[in-house]
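A short write-up of the structure that comes next.
What follows is calculated from the coordinates using simple rules that are stated; it is not laboratory data. Worth saying up front: this structure is predicted, and the values here are computed from it rather than measured. In this analysis, Cβ positions are derived from the backbone assuming ideal geometry, glycine residues included, and neighbour counts consider all displayed protein chains.
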Amino acid sequence: MQPPVRHMGEVSADDRGMSEVVEKAMGARGQGRETREALLAVAGGLVDRARAHGAIGEDVTTGDVNMVICGLAAVIRNGAGDWRRYIEVALDGSVPVDFGL
């Protein structure tokens, strides 16, 4: 999941206005709802592929990806820290861990 999310970060960091567009589109309930649904469909495909390859846990949802993307956009737009570090921390929780139990 990191490569597509990192790419979004790079694009948004180069154009901070883009992070606002992403944040608004992903949180849209009215006018931008169709865009949001299309983006969530793409995210759902990424989640399914990552899950099939064991790259993310079974409990990770498209909604989780939406939260990470909206958070990333907010971190970039507000200059609230290192967006690359945000991605690492946010996505670490999506990786399955085998404790050998």
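When peptides 60-71, 43-54 are ranked by their average number of other Cβ atoms within 10 Å per residue, the highest-first order is 60-71, 43-54.
Taking every alpha-carbon pair within the range 2-92, the share separated by more than 15 Å comes to 58 percent.
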